[in-house]
Amino acid sequence: MPHSLTNQLTIAEAADRLQVSAVTVRRMIARGELNAYRYGPRLIRIDPADLLALREPVTSLAALRAGDTL
């Protein structure tokens, strides 16, 4: 669990970093794809490390055809 609110992101800030809408971030949280932390009844924050955890390498088509994996 995050240690400090000072480095946590709001849903809007997380959406801005991911270049998606706030609704998309809320859906990702609801589907369990993105961890979020509730502080009280209304305050929701996202750890920046959880955004990094969403990253996946992109494999090129040439690598797939050659049978290479990452």
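All of the numbers you see were taken from the coordinates with simple rules; none came from a lab. Note that the coordinates shown come from a computational prediction; the quantities given were computed from them, not determined experimentally. A quick note on method: Cβ atoms are made from the backbone with ideal geometry, for glycine too, and the neighbour counts reach across all protein chains shown.
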GNM result for the chain, Cα springs below 10 Å: residue of Arg27, Arg38, Arg17 fluctuating most strongly: Arg38
Between 0 and 90°, nearest 10: helix 22-31 axis offset from the chain longest Cα axis: 80
Candidates Ala36, Ala49, Ala15: whichever shows maximal mean-square fluctuation once the chain is modelled as a Gaussian network with Cα springs under 10 Å: Ala49
Cβ-placed point charges (K, R +1; D, E -1), dipole of the chain about Cα centre in debye, nearest 20: 280
Residue list for the stretch 32-48, given a label point 7 angstrom along the Cα-to-Cβ vector of Arg26 and an amide N cut-off under 18 Å: 32-46
Where only C-alpha atoms are counted, convex hull volume of the chain per residue in Å³: 118
Relative contact order [Cα under 8 Å, 6+ residues apart], the stretch 4-44, whole percent: 28
Length released on extending from Arg65 to Asp16, taking residue separation times 0.36 nm less the Cα-Cα span: 14.1 nm
